[in-house]
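K.L.:
There's a structure below that I have some questions on.
The values are calculated or read from the model by the stated rules, or taken from the named source; none is laboratory data. Bear in mind the structure is a predicted one, so any value in this text is a computation, not a measurement. Using ideal geometry, Cβ is built from the backbone for each residue, glycine included, and neighbour counts are taken over all protein chains shown.
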Amino acid sequence: MRILYIAALFATLLIGCKKDTTEPILGRLDDRLQESLSHYKELLSSNTEGGWTGTLKTGSGQNFEFNFIFDEQGKVSMASDMSLSSMAERKESTYALQAIQVPSLVFDTHNYIHELADPRPEAMGGKRGHGLEADFEFEIIKYEDDVLHLKGIKYKNEFKIAKADIAYTDRFKESLEKHKKATELFTKYKVYPFKLANGRLADFKVFDDDLDLYLIVYNRNNKGTPQYQTIPYEIDEQGIHFTEITEGNTKLQDLLIDASSQELFTKMDGQLMSTNTTNPRDFIGMNSEGKLWRYFDMLSYLDLKGQENNGFINMIKDVRANLKGKGVEFDYAYIDLYTLGNVDYLYFYLDMYQNGTYRRATWQYQLEMTEYGFNIIDDGWISLGIGADGTHLAPITQYFNQKNFELVWNPGFQSSFLSTGFAPINAPTDIAFGGMSTLD
């Protein structure tokens with residue numbers, strides 16, 4: 001029995017004296033992880049001239065190129081091809097290298113890359129709550145052949161960034177300058193929607209946030225997405241030059257300045273001519289609801305350039321400012337031309353809100369359609385909405401009291417819909433306008 005007791009005691013002592021290696025192993029793993037993070041920080045901050053460039057494919061299937069310049073203090077300067085502003089101007093924010101199970105690169109303050117994840121559909125056109133399903137936190141998979149392989153933590157976006165040897169934004173300087181000149185040209189000189197040989201309407205456009213020149217061909221009834229064709233071009237003091245293209249059985253080439261008419265003329269089937277050859281009145285048609293035409297989202301056009309001489313725009317801006325002084329904000333405005341019981345009407349709706357309460361002011365007039373537009377033939381029915389200030393809204397009524405209006409193209413506005421409007425015959429520059437949602 002004594003021998004067994006001594007043996008048990010000896011075994012207990014052996015167990016108690018066994019070396020605990022857990023802490024050193026964990027310690028070594030932690031040291032190795034920190035060494036890895038330090039190595040990646042040194043690597044990322046080693047190229048302060050060209051930085052790192054790569055293309056991120058979002059969960060929605062879109063590709064965006066980014067360029068990052070990292071420093072050792074955790075700051076990152078970023079540029080991207082996602083917009084003209086991100087091509088022209090770098091933004092600075094911060095980044096972190098963290099141990100999220102594995103070494104990870106996290107862009108932890110807002111920059112261009114975060115805009116892809118904006119959950120509002122109106123921001124980048126993505127899904128509500130998810131944006132374009134784009135990551136801004138990435139696991140570092142490996143560094144191989146001068147390429148850092150990353151994988152998004154949330155959406156699993158694959159992202160490879162490589163060392164760049166040139167200043168990223170320098171690549172876009174020439175294109176941005178050309179776009180600036182084209183935008184100024186389209187602001188000063190007009191291009192009107194014109195009819196192709198196949199009967200469709202087409203239009204040349206440049207947009208604020210896109211480098212390309214577009215030829216837009218509108219669908220019948222202006223429904224669905226128009227057909228877009230990008231056109232490579234050059235620009236000089238004479239106008240815009242591009243190689244001849246064929247669309248709708250019509251050959252088109254160049255947009256050249258005609259200073260006497262303040263227009264850009266184009267060559268159609270070899271003949272230099274104005275695009276101002278059609279009148280929107282010719283394209284009015286009635287749909288199943290009896291609607292002739294809708295001008296919508298008018299307020300979004302108020303602050304565009306080139307409207308200094310538009311009396312309607314200036315009037316609406318004054319109305320907006322005066323109501324804002326009373327705590328009333330504009331929300332939305334649109335105009336409908338309707339046929340009801342063989343009678344034509346104009347309805348103008350102005351939605352406003354104050355302290356979270358919405359109200360609508362409505363102007364309704366009976367119309368007589370003319371060859372080029374319409375005449376208002378009654379005094380109208382006007383409802384200024386609950387609590388609306390009639391004094392401040394009176395200028396809108398005075399505008400419609402001019403009675404005789406012509407439908408006109410309103411060129412130069414950056415919309416995927418036809419830009420048209422109407423103006424008093426005695427004040428042709430005072431154009432009330434918006435996108436057009438019905439076209440026969």
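K.L.:
Does Lys205 meet the test of being among the charged types (D, E, K, R), part of a strand (DSSP E or B) and in contact with an Asp or Glu (Cβ under 6 Å, 6 or more places away or on another chain)?
P.N.:
no
K.L.:
Criterion first (part of a helix (DSSP H, G or I), within 30 Å of Glu263 (Cα to Cα), at pLDDT below 90 and not basic (Lys, Arg)) does Thr183 satisfy it?
P.N.:
Criteria not met by Thr183.
K.L.:
Also, quick follow-up: Which of the residues spanning the range 60-77 are in contact with a strand residue (DSSP E or B) (Cβ under 6 Å, 6 or more places away or on another chain) and either within 19 Å of Tyr155 (Cβ to Cβ) or touching a residue at least 60 places away in the same chain (Cβ under 8 Å) (or both)?
P.N.:
Asn63, Phe64, Glu65, Phe66, Asn67, Phe68
K.L.:
Can you find a residue that is of a type in the set (A, V, I, L, M, F, W, C), touching a residue at least 60 places away in the same chain (Cβ under 8 Å), out of contact with any Cys (no Cβ under 6 Å at 6 or more places or on another chain) and farther than 30 Å from Pro411 by Cα anywhere in the range 106-118?
P.N.:
The answer is yes; a qualifying residue exists.
K.L.:
Among the residues in the range 207-228, are any of a type in the set (A, V, I, L, M) and farther than 29 Å from Met82 by Cα? Quick ask: steps written out before the conclusion?
P.N.:
Let us first name the residues in the range 207-228 that are of a type in the set (A, V, I, L, M), namely 211, 213, 215-217.
Adding the requirement that they be farther than 29 Å from Met82 by Cα leaves none.
Looking for residues that are of a type in the set (A, V, I, L, M) and farther than 29 Å from Met82 by Cα, one finds none in the range 207-228, hence no.
K.L.:
Which condition from (1) touching an Asp or Glu at 6+ places or on another chain (Cβ under 9 Å); (2) at positive phi is the one that Tyr332 breaks?
P.N.:
Unmet for Tyr332, out of (1) touching an Asp or Glu at 6+ places or on another chain (Cβ under 9 Å); (2) at positive phi: (2).
K.L.:
Is there a residue in the range 381-402 that is modelled with pLDDT of 90 or more, part of a loop (DSSP other than H, G, I, E, B) and closer than 20 Å to Gly311 by Cα?
P.N.:
There is at least one residue in the range 381-402 that is modelled with pLDDT of 90 or more, part of a loop (DSSP other than H, G, I, E, B) and closer than 20 Å to Gly311 by Cα.
K.L.:
So, restricting to helices (runs of 4 or more DSSP H) that lie completely within the range 22-127, which ones have at least 2 residues that are in the same structural domain as Ala162 (by TED's automatic domain parsing) and of a type in the set (D, E, K, R)?
P.N.:
22-44
K.L.:
Of Asp254, Asp210, which residue is of a type outside the set (Gly, Ala, Ser) and over 21 Å from the mean Cα position of the chain (by Cα)?
P.N.:
One residue alone meets the criteria, Asp254.
K.L.:
Go through (1) at pLDDT 85 or above; (2) closer than 17 Å to Trp409 by Cα for Gly270 and report which single condition fails.
P.N.:
Tallying (1) at pLDDT 85 or above; (2) closer than 17 Å to Trp409 by Cα, Gly270 fails exactly one: (2).
K.L.:
Would you point out the residue of the range 315-361, among those that are more than 14 Å from Phe400 (Cα to Cα) and of a type in the set (Val, Ile, Thr), that is surrounded by the most Cβ atoms within 10 Å (Cβ to Cβ)?
P.N.:
Selected residue: Val328.
K.L.:
With respect to the numbered conditions (1) farther than 22 Å from Lys156 by Cβ; (2) modelled with pLDDT under 90; (3) within 28 Å of the chain's Cα centre (by Cα); (4) not aromatic (Phe, Trp, Tyr), which one is the sole condition not fulfilled by Ser93?
P.N.:
Against the list (1) farther than 22 Å from Lys156 by Cβ; (2) modelled with pLDDT under 90; (3) within 28 Å of the chain's Cα centre (by Cα); (4) not aromatic (Phe, Trp, Tyr), Ser93 comes up short only on (2).
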